[in-house]
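Here's the structure we're looking at; comments come further down.
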Amino acid sequence: CSSLEMAISRLKLISAHDSLTIMRNAISAPKLNYNLRTSPCAGHENLQKFDGLLRKALCTIANVDVTDRQWEQASLPINSGGLGIRSVSALAPSAFLASAAETRATQDLILSSVSVTAEADNEVVRIKEIWGNYSKTQFPNYIVGTQLQKRLDHLCTTAIKTRIQEELMGTGLTRFLAVSAPHAGDWLKCIPVSSCGLRLDDEAVRVAIGLRLGTKICEPHPCVCGEAIDASGSHFLSCKRGSGRVARHNALNDVLWRALQRANIPSVKEPPGLIHTDMKRPDGITQIPWSEGKCITWDVTVTDTLAAFNLLPSSTVGGGAAEAAARRKEDKYLQLRQHYHFVPVAFETLGPVNASGAQFIDDIGRRLRAVTDDSRESSFLWQRLSVTLQRYNAICFRDTFACESLLDTETL
């Protein structure tokens with residue numbers, strides 16, 4: 001705990017994106033994993049103290065104020081809608097029980113060699129009860145196998161995620177489902193490298209975390225378009241007066257186009273003349289066949305997860321708004337299917353992508369792997385897209401504030 005307090009005081013001196021990555025991967029639960037596995041410390045009061053310091057670190061680094069429920073969400077794995085800053089109190093039972101199960105055969109062998117009868121381990125029994133309180137289930141019968149700690153912890157995090165989801169309603173539930181969808185948190189998994197365009201500035205990190213957890217990100221104020229913006233600031237994601245919306249679309253399309261070029265697939269943006277009956281133009285087309293002898297065209301769109309017209313499809317399944325936007329794009333470019341493959345790439349502002357668009361991105365990643373022989377190409381592409389989306393979300397947020405001159409015109 002003392003070392004963590006010292007680290008927090010130093011992390012706030014560097015960029016928020018760097019600090020968040022270091023805290024999640026180095027100085028939080030990974031730092032204590034050995035202790036959690038080798039000592040029966042589950043339920044110890046100092047674990048709560050360590051979690052409190054992690055919460056303080058998140059608030060300090062990201063400049064956000066989180067409630068108890070928001071901190072509980074933040075402590076979930078990234079793929080479950082959290083920030084991956086694991087709670088050591090919740091992780092401790094799974095870690096110790098996994099270690100105890102994996103070494104049980106060796107323990108029995110040692111005890112039998114000295115003629116000592118193996119008896120029930122009281123600490124194991126006690127910690128199984130704590131684990132049951134987190135997981136809301138009986139301890140599984142399996143006691144062997146690989147990644148046992150991960151399997152036990154998954155049951156706990158699933159129970160916590162289910163409880164959070166049951167407690168939420170309205171836009172809170174929509175938000176949680178969206179950030180729990182595949183690839184919605186890929187920006188949290190990347191290494192912040194400026195030269196690769198993978199570093200977010202401090203304000204972008206604050207806005208991204210605020211949107212993910214539902215924290216307060218601004219004071220209520222009127223938008224430049226005249227609409228009232230509440231403390232969550234979600235109106236900016238779909239404000240038609242924001243210049244960031246167009247820039248966000250162009251930047252995402254550019255990432256896809258550059259990935260195709262790097263995969264040795266020549267392509268052009270906004271090709272004219274594909275539909276002769278009107279002036280509609282998709283965002284891009286490959287100049288060589290993609291599959292079955294046909295070229296592929298794609299069109300990028302970004303839809304606001306929390307917009308009123310998206311609440312119905314988004315409140316039942318994460319990515320519902322993206323699928324609805326993709327269907328609208330398919331109807332718009334229906335004529336293209338006669339001669340080309342067409343795929344809509346629909347992003348939601350909170351991160352989810354429609355299924356066919358995700359498959360297209362995965363296919364680009366696979367072709368990149370074939371060219372570079374790097375198995376991580378697909379994940380790198382997803383991270384670039386996710387970081388680009390969060391970067392321009394912050395720009396859209398900034399556009400909602402009216403620029404007022406600080407000078408007195410009468411004095412001038």
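The values are calculated or read from the model by the stated rules, or taken from the named source; none is laboratory data. Just so we're clear, the structure is a prediction, and the values are computed from it rather than from any experiment. Note that we place each Cβ from the backbone using ideal geometry, even for glycine, and neighbour counts take in every protein chain shown. Surface areas here come from the heavy atoms of the whole protein model, side chains and all, with no ligands, DNA or RNA. Shrake-Rupley method; radii C 1.70, N 1.55, O 1.52, S 1.80 Å.
Mean residue ellipticity at 222 nm from the helices of the chain, using -39,500 (n - 2.57) per DSSP H segment of n ≥ 4 over the full residue count, to the nearest 500 deg cm²/dmol? Walk me through the intermediate numbers first.
Details: 17 runs with 212 residues, N = 412.
After summing the helix terms and dividing by the residues of the chain, the value is -16000 deg cm²/dmol.
Any chance you could run the full-extension gain for LYS269 through ARG366? It's 0.36 nm times the residue separation minus the Cα-Cα distance, nm to one decimal. Walk me through the numbers on the way to the answer.
Details: separation 97, 0.36 × 97 = 34.92 nm, distance 2.14 nm.
That pair, LYS269 and ARG366, stretches by 32.8 nm at full extension.
Work out, in µm²/s and without decimals, the Stokes-Einstein translational diffusion coefficient of segment 282-377 at 20 °C, 1.002 mPa s, Rh from Kirkwood over C-alpha pairs.
Working: Rh = 14.3 Å.
Translational diffusion coefficient: 150 µm²/s.
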What are the ³J(HN,Hα) values, in whole Hz, obtained from phi via the Karplus relation 6.51 cos²θ - 1.76 cosθ + 1.60 with θ = phi - 60°, for each residue of segment 158-174 in sequence order, with x given for Gly and Pro? 5, 5, 5, 4, 5, 5, 4, 5, 5, 7, 8, 7, x, 5, x, 5, 4
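Using +1 on the beta carbon of Lys and Arg, -1 on that of Asp and Glu, and nothing else charged, what's the dipole of segment 117-259 about the Cα centre, debye to 20? Walk me through the intermediate numbers first.
Working: 18 positive and 15 negative charges, 98 e Å.
Roughly 480 debye, rounded to the nearest 20.
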How far is helix 2-11 tilted, in degrees, relative to the longest principal axis of the Cα atoms in the chain, given as a value from 0 to 90 rounded to the nearest 10? 10
Rounded, prolate or oblate for segment 350-404? Axes are the square roots of the Cα gyration tensor eigenvalues, ordered a ≥ b ≥ c, and the cut-off for rounded is a/c under 1.5. prolate
Correct choice for Kirkwood radius over Cα pairs in Å that was computed from the model, options (1) 29.7; (2) 23.8; (3) 22.7: (2)
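Sorted by mean Cβ packing within 10 Å, highest first, what order do the peptides 75-85, 204-214 take? Provide the component values of the computation, followed by the final result.
Values: 75-85: 21.9, 204-214: 24.6.
Packing proxy ranking, top to bottom: 204-214, 75-85.
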Pull out a ≥ b ≥ c, the square roots of the eigenvalues of the alpha-carbon gyration tensor of segment 208-346, then state rounded if a/c is under 1.5, prolate if not and a/b is larger than b/c, and oblate in the remaining case. prolate
For a quick check: with amide H placed at 1.01 Å from N, whose amide H comes under 5 Å from HIS221's, ignoring anything fewer than 5 positions away on the same chain? ILE229
Counting only GluC sites (Glu not before Pro) that sit in a DSSP loop (anything but H, G, I, E, B) with at most 12 other Cβ atoms within 10 Å, what is the longest stretch of the chain containing none of them? 120-291
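Accessible area per residue of the chain at 1.4 Å probe, in Å²?
Values: 20410 Å² over 412 residues.
Dividing the accessible area of the chain by its residue count gives 50 Å².
Give me the net charge for the shell around ALA358: Cβ to Cβ below 13 angstrom, other residues only, Lys and Arg +1, Asp and Glu -1.
Net of charged neighbours comes to -4.
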